[in-house]
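Take this structure, written in structure tokens, and hold onto it; I'll ask about it next.
All of the numbers you see were taken from the coordinates with simple rules; none came from a lab. Computed from a predicted model, the values in this text were never measured in an experiment. Every residue, glycine as well, gets a Cβ built from its backbone with ideal geometry; the counts of neighbours run over all protein chains shown.
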Amino acid sequence: MAKKITEKIAALPPDANYSPWSSFLQRPGWWGDPADDLAEGVGFANLSARLERMAQALRPLFVTVTWGAGGSTAARSLELAEVCQRQLQLTTVLHLTCTNMSRALVDMALEEAKVLGIRNILALRGDPPRSEEYNMHGDDDSNKDFTFAVDLVKYIRKQHGDYFCIGVAAYPEGHPADAFQDTQDPLRDIPYLVEKTVAGADFIMTQLTYDLEAYRKFETLLRNHESGAFKTIPIIPGLMPIHSYKILTRVTKLSHVKIPDPIAKRMEQLKNDDDAIKKAGVDVVSDIVSGIKELKAPGPRGFHFYTLNLEKTVSFILERCKLIPSIGEDDSAVDEVDATVSLDDVPSRTQQRRSSLASQPHNRVIVDKLFAPAPGSSQSSTHEALAENAGLPASQPNRSQTLLISEGLGSLGREATWDDFPNGRWGDARSPAFGEIDGYGPSLHVTSAVARRLWGHPVEHKDVNTIFRRHVSGELYMVPWSEGGAEEGGGLNPETEVIRPELLKLIDGRGWWTLASQPAVNGVRSDDKIFGWGPLPFVEFLCPSKDFETILKPVFAKHGHEKLTWFATNEKGDYQSSSPAAAANAGTDELVANPESANAVTWGVFRGKEIVTPTIIEEVSFRAWGEEAFRIWEEWCRIYPRGSATSTFLESAKKDSWLVCVVGQQFGAGTEPGSKEEEDEVKWMWRVLAGETE
């Protein structure tokens, strides 16, 4: 029978350290079309290979899998948990939220966990209860049984006794203010944490933190609390490796955690250099680990790392902090080698691997099968590798070799960590890190009351035009589709301000609502404080069906795919694009492998490195985002009473709209900087869309 994590912790020496980590469920597109079998998804193949490699190299005590509440997203959470528990033989903790879920869904999740052999549950509240407001489950009001996480803890104990090992969440800097409490104060949270612990919690896992002093005070407060509830219970601090400045700022805003001034200043100085951010982030998190190790604990000390499905940075942290368990007797057959050996020199038994190791290193994407290029095509599969052997030598590597691969060292390491610069939904859909990094799924990222205050009660098209005009003009800090973490006073990105006049022409002149955009950039340095990455211009917007058919499609037909690449989808899932159409029964791997559907719209050249392309727009990721964008629109509709003028208008507009993304293929390459010729090229896409030029 699978073990509880408390049993595994108890079996460790008292002075031992352990390091579980999270595998995040990403957006639906990461798995491919819901109709596809999970095992056929390219993202799954890459994540499975990554998890297996990390398990061998890093030896976590357990892994946790995030929960997607309701419907197909919940099913995917369970499928990922099954992969970890059964296929990879990793002790798995399943996150389970309870608010806005009927009792039947909670029962289903727990029964499925038992069938899969999962004995560990992290019981969470989830989003603030809103079922009554949304009438989410019709006549079934059993979701009202779950208002707080303690309700879920009690329910699990009542229904399943001691079968499950239950964990609960704690917040070193205080639970974010919400409808139930108006201040963020860890002292206010303590009675609720006591209640959860007494109700049956076996361990505590904390929210991520970068504030060592705040964590020290919090754990000391718990251990010395008068209730005695926390004297011996395992308290596992949450830590997130720093992958980029953007991710750091977004995650801390969403989580309402503070970045101490010394760390914030250091990251601010390096924010234009993603590689330097990662290296500094290893220092920062390693220092936090060292500081927490100094705290007295009643048993082994653990650290929970939120990996975002990326391995390189966490591997460096674990090795530096000596958190990778030493090899025990059961591993005595593993042949250890000097960790300084270069993986470029690892021998291989097959000609394929010898060829790879002897060649110049290059990034390769893991795919389920290789596709032969069409006759006469310049495309090739040189930068692709089969899932069955990519990232690993033909002979089974030992732990030292595998750790070097996870750290991105050697040609195999560069293959394995090819997606080391994640970019949310703009990244490569084949990456395990593809998708939003906040884990919240389709959401307005604000409460209903705040949403109504921000966007009012629109009842016609021009009202929504006003919302988007105010946003682009800097008067409104977010719209329903803004990325999570937007905050009042944040404003537009500096590079977006460069094209503000062009965006306003689309909003005011065309009545199109712009969601994302980027200006054309011709040869600026990679450390430029405004642009950073470049160079292709693109814009994503919502427009009425009539405009899509009578304005946009004729423009696209006139200029062709070589000048304007475009993608479009609607609420029903209808999809059109300038790329050659994929077969109707094509799986996710065929979609992603189609080179004609991929557009790298940003890339950078760095001294001594390969070209990095962190922003990609292609069919599978766009279709996944389209599904999510219309679900966000549905969230917007729901904050107004059913049948109201605003709800009726928004629902009608949603059904009559297309989400369109246009990528211009000109950015002024070869023109004289500052010349009229350069200006004509970088502005061309915008002028065509606004109807200012033929």
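Please go through the residue pairs K246/K505; K196/K246; K258/K293 and name each one whose alpha carbons sit more than 32 Å apart in this structure. Working shown, then result.
Details: K246/K505 28 Å; K196/K246 34 Å; K258/K293 21 Å.
Over 32 Å Cα-Cα: K196/K246.
Name the residues whose placed amide hydrogens come within less than 5 Å of the amide hydrogen of R59, ignoring near sequence neighbours (fewer than 5 apart) on the same chain.
none
Fewest Cβ neighbours within 10 Å first, please rank E319, E619, E226 accordingly.
E226, E319, E619
Which residue, Q665, G691, G626, has the largest displacement toward the positive end of the dipole of region 622-694 when charges sit on each Cβ (Lys, Arg +1; Asp, Glu -1)?
G626
Next question, about the same structure. Where does each of S315, S286, S517 land when they are ranked from fewest to most other beta-carbon atoms within 10 angstrom?
By the 10 Å Cβ count, ascending, the order reads S286, S517, S315.
Going down the table (K271/K563; K8/K154; K312/K563), which pairs top 27 Å between alpha carbons? Don't skip to the answer; put the middle values down first.
On the way: K271/K563 33 Å; K8/K154 24 Å; K312/K563 37 Å.
Pairs exceeding 27 Å: K271/K563; K312/K563.
So how far apart, in nm, are the two label points at D145 and V198 if each is 7 Å from Cα heading toward Cβ?
2.3
Can you tell me which of 162-172, 638-648 comes out highest on packing, and rank the rest after it, using the mean Cβ neighbours within 10 Å?
Highest-to-lowest ranking by the protection proxy: 162-172, 638-648.
What FRET efficiency do you get for E634 and A264 if R0 is 41 Å and r is their Cβ-Cβ distance, rounded to the nearest 0.05?
0.65
Order by neighbour count: W625, W684, fewest other Cβ atoms within 10 Å first, most last. Mind dumping the intermediate values first?
Working: W625 28, W684 21.
By the 10 Å Cβ count, ascending: W684, W625.
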